[in-house]
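A.B. asks: Structure below; questions to follow.
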Amino acid sequence: MNSLQNSNLILIGFMGTGKSAVSHQLSHLLSLPCFEMDQLIVENEKKEISEIFEENGESYFRDLETALLKKILLKNGSIISCGGGIVLRKENINLMKNHGTVILLTATPETILERVKQSQSRPILDGKKNIHDISKLIEERQDKYMQAADIIISTDSKSLSQICHEILDSLH
Ligand code: S3P
């Protein structure tokens with residue numbers, strides 16, 4: 001396995017692909033600290049993500065995201081769960097590729113809709129919680145996700161433990 005002490009495991013993927021749950025489980029399995037970027041931004045700003053988008057705008061949120069990513073990547077040996085839009089900036093893709101192994105989690109639009117349909121905290125999906133719009137958003141981002149990914153893991157119909165073991169196997 002890559003020496004994780006000298007690198008980071010960075011989870012990326014569209015909303016609802018399971019990044020947070022998988023990163024927490026990996027953190028537990030590997031005894032490495034886990035950084036959940038959205039959660040840290042909420043704590044730092046003392047505002048929900050939807051409030052940040054509404055009051056400060058998306059580009060302010062994206063600036064926070066890049067600044068936080070840089071800060072987290074100063075250290076090695078972490079599991080990092082990124083927000084789904086982290087790949088929208090080329091700078092973030094370069095940072096991630098230079099400082100860790102980037103794991104892309106995928107899921108079909110149907111699975112994603114099922115997982116996000118009750119969520120009120122994803123402003124990008126406001127008014128777009130349907131298969132057509134989710135498919136379109138995934139398609140718009142697909143090249144960027146692929147550009148960033150070192151490892152791609154599909155999460156449809158898999159348990160958390162199955163997904164984590166697939167990831168660990170692919171690191172050998
Ligand atoms: C976003 C994904 C969200 C959060 C924000 C924007 C996106 O994170 O960062 O709402 O642009 O895809 P999750 O992927 O954890 O839901």
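The values are calculated or read from the model by the stated rules, or taken from the named source; none is laboratory data. A quick note: this is a predicted structure, and the numbers were derived from the prediction, not measured. All Cβ positions, even for glycine, are placed from backbone atoms using ideal geometry, and neighbour counts span all protein chains on display. Heads up: the accessible areas ignore ligands, DNA and RNA and are worked out on the full protein's heavy atoms, side chains in. Shrake-Rupley method; radii C 1.70, N 1.55, O 1.52, S 1.80 Å.
A.B. asks: From the list Leu105, Leu171, Leu160, pick out the single residue that is more than 17 Å from the chain's Cα centre (by Cα), in contact (Cβ under 8 Å) with a residue 40 or more places away in the chain, surrounded by 13 or more Cβ atoms within 10 Å (Cβ to Cβ) and under 16 Å from Val22 (Cα atoms).
C.D. replies: Selected residue: Leu171, the only one of Leu105, Leu171, Leu160 that is more than 17 Å from the chain's Cα centre (by Cα), in contact (Cβ under 8 Å) with a residue 40 or more places away in the chain, surrounded by 13 or more Cβ atoms within 10 Å (Cβ to Cβ) and under 16 Å from Val22 (Cα atoms).
A.B. asks: Need pairs with beta-carbon distance below 7 Å; first residue surrounded by fewer than 15 Cβ atoms within 10 Å (Cβ to Cβ) and within the stretch 111-132, second basic (Lys, Arg); sequence gap 6+ or separate chains.
C.D. replies: Lys117/Lys129
A.B. asks: Let me ask another. Report every pair of residues separated by at least 6 positions or lying on different chains whose Cβ atoms are under 6 Å apart, first residue within the stretch 47-58 and within 16 Å of Gly83 (Cα to Cα) and open to solvent by less than 30 Å² (accessible area, probe 1.4 Å), second within 9 Å of the ligand (Cβ to nearest atom) and part of a loop (DSSP other than H, G, I, E, B).
C.D. replies: Listed by first residue and then by second, the contacts come to Ile49/Ser121.
A.B. asks: What about Gly85, is it out of contact with any strand residue (DSSP E or B) (no Cβ under 9 Å at 6 or more places or on another chain) and near the ligand (Cβ under 8 Å from one of its atoms)?
C.D. replies: For Gly85, the condition - out of contact with any strand residue (DSSP E or B) (no Cβ under 9 Å at 6 or more places or on another chain) and near the ligand (Cβ under 8 Å from one of its atoms) - is met.
A.B. asks: Next question, about the same structure. Take His165 and decide whether it is over 20 Å from Glu91 (Cα atoms), of a type outside the set (Lys, Arg), at pLDDT below 95 and open to solvent by 20 Å² or more (accessible area, probe 1.4 Å).
C.D. replies: no
A.B. asks: In the stretch 3-13, what count of residues is obtained for those that are at pLDDT 95 or above and open to solvent by 10 Å² or more (accessible area, probe 1.4 Å)?
C.D. replies: Matching residues across the stretch 3-13 total 0.
A.B. asks: What pairs can you find where one residue is in the stretch 65-87 and more than 19 Å from Pro33 (Cβ to Cβ), the other is more than 14 Å from the ligand (Cβ to nearest atom) and open to solvent by 10 Å² or more (accessible area, probe 1.4 Å), and their Cβ atoms are less than 7 Å apart, with a gap of 6+ or different chains?
C.D. replies: Qualifying pairs under 7 Å: Thr66/Glu91.
A.B. asks: (1) open to solvent by 50 Å² or more (accessible area, probe 1.4 Å); (2) within 12 Å of the ligand (Cβ to nearest atom): which one isn't true of Asn92, the others all being true?
C.D. replies: It fails just one condition, (1).
A.B. asks: Only one of (1) more than 24 Å from Ser27 (Cα to Cα); (2) without any contact (Cβ under 8 Å) to a residue 24 or more places away in the chain; (3) part of a helix (DSSP H, G or I) is not met by Asn94, so which one is it?
C.D. replies: All conditions are met except number (1).
A.B. asks: Could you figure out which of (1) over 15 Å from the mean Cα position of the chain (by Cα); (2) open to solvent by less than 20 Å² (accessible area, probe 1.4 Å); (3) under 22 Å from His172 (Cβ atoms); (4) of a type outside the set (Phe, Trp, Tyr) isn't true of Val22?
C.D. replies: Val22 satisfies every listed condition except (1).
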